[in-house]
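These notes are about the structure you will find just below.
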Amino acid sequence: MSRWALVTGAARGIGRAIADAFQRRGWQVIGWDRQPPAGPRPAWTFMAVDVADAAAVAASMDAVARHTPRLHALVNNAAVQLAKPLVATTPEEWDALMAVNLRGPFVVSRAAYPLLRAAGDAAVVHVASVHALATSANIAAYAASKGGLLALTRAMAIEWAPAGIRVNAVLPGAVDTAMLRAGLQRGHLQADAVEAQLAELARRTVLGRVGAPEDIAAAVLFLADPSQSAFMTGHGLVVDGGATIRLSTE
Ligand code: NAD
């Protein structure tokens, strides 16, 4: 019997790599995004959904239920980044970011619960960030949303264990995507050109490189697969090339 995965933010970047990786492993995949998939036509089912819109999420989950009565994996990956000082961040911008990054995973997970419970051995994987653990200037709303997502991971893991649902998070470091490249304008690196900024980021990791979306997809697949990670729940798995293990004061 096929295993089914729902991945949010699947149109590009890390979410696309996750959806493609599940599909290549033989899973049936449904990808949600508010924009159509970029690049080659995906070999999985796409649905246009804005995870900040709770009514749209509910209607779209009904559509998922018409494809499958069971979901074995839910990956909450969709997010937006806001790179500006806290005093320049308006309450409306804060709310709009939280509606996607923190309320989104809550709303989607809540709507998916009956399908996840029906699977018997389902897994939720939230894509958080190393900004949940350590951060820098001009990214406060994003960092707060990811810290909240890590707390939500633990709370959901406790509440949903009796339903046979494990809940974990992946905390990526710098991964080469459109979001990372846009965030480079934050001014925290010395170089001007994007490629030079990426090279500087790579030098700051222990492994000497920026991550690829596939690096994160591999960790998500591990946490989604009960034959690999059956005894893990409530965990935040850092996948950052060692970026957060080195003391910045040394
Ligand atoms: P990205 O911007 O390249 O892709 C994000 C995708 O999410 C896009 O396709 C976008 O359309 C979609 N999305 C955004 N808002 C949405 C909404 N309201 N409803 C539905 N879809 C929506 O970003 P990425 O770098 O691939 O990031 C993916 C995840 O990884 C995010 O949760 C991000 O916070 C996290 N992350 C990324 C990095 C990095 O360096 N790239 C580092 C740490 C964490």
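Assorted remarks:
- First in region 179-198 and free of Cβ contacts under 8 Å to residues at least 24 places away in the same chain, second anywhere and more than 13 Å from the ligand (Cβ to nearest atom) and of a type outside the set (A, V, I, L, M), Cβ under 6 Å, 6 or more apart: Leu189/Glu200; Ala191/Glu200
Okay, residues lined up against (1) β-branched (Val, Ile, Thr); (2) within 10 Å of the ligand (Cβ to nearest atom); (3) in contact (Cβ under 8 Å) with a residue 12 or more places away in the chain:
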| site | (1), (2), (3) |
| --- | --- |
| Arg3 | no, no, yes |
| Thr8 | yes, yes, yes |
| Ile14 | yes, yes, yes |
| Ala55 | no, no, no |
| Val64 | yes, no, yes |
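- Residue identified as touching a residue at least 60 places away in the same chain (Cβ under 8 Å) and part of a loop (DSSP other than H, G, I, E, B) among Ala134, Ala161: Ala134
- The condition of being polar (S, T, N, Q), crowded, with 21+ Cβ neighbours inside 10 Å and touching a His at 6+ places or on another chain (Cβ under 7 Å) holds for Asn76.
- Sole exception among (1) of a type in the set (A, V, I, L, M, F, W, C); (2) at pLDDT 95 or above; (3) under 21 Å from Leu221 (Cβ atoms) for Met1, by number: (2)
- Residues being more than 16 Å from the ligand (Cβ to nearest atom) and either of a type in the set (Asp, Glu) or buried (at least 21 other Cβ atoms within 10 Å of the Cβ) (or both) - total across region 168-206: 1
- Hey, His67 out of contact with any His (no Cβ under 7 Å at 6 or more places or on another chain) and buried (at least 21 other Cβ atoms within 10 Å of the Cβ) or not: no
- Residue satisfying all of: in region 142-167; surrounded by 18 or more Cβ atoms within 10 Å (Cβ to Cβ) and among the charged types (D, E, K, R); farthest from the chain's Cα centre (by Cα) among these: Arg166
- Of Val125, Val220, Val167, all but one fail to be hydrophobic (A, V, I, L, M, F, W, C), touching a residue at least 60 places away in the same chain (Cβ under 8 Å) and assigned to a helix (DSSP H, G or I); the exception is Val220.
- Among the residues of region 96-113, those that are in contact (Cβ under 8 Å) with a residue 40 or more places away in the chain, more than 10 Å from the ligand (Cβ to nearest atom) and closer than 28 Å to Ser227 by Cα comprise Phe106, Val107, Ser109, Ala111, Ala112, Tyr113.
- Region 125-141 - residue that is near the ligand (Cβ under 8 Å from one of its atoms) and of a type in the set (A, V, I, L, M, F, W, C) and, of those, farthest from the chain's Cα centre (by Cα): Val130
- Criterion: assigned to a loop (DSSP other than H, G, I, E, B) and in contact with an Asp or Glu (Cβ under 9 Å, 6 or more places away or on another chain) - qualifying residue of Ala191, Ala141: Ala191
- Filter pass, Val75 being assigned to a strand (DSSP E or B) and under 22 Å from Ala122 (Cβ atoms): yes
The values are calculated or read from the model by the stated rules, or taken from the named source; none is laboratory data. All values derive from a computational prediction rather than experimental measurement. Neighbour counts are summed over all protein chains in view; Cβ atoms, including those assigned to glycine, are modelled from backbone coordinates with ideal geometry.
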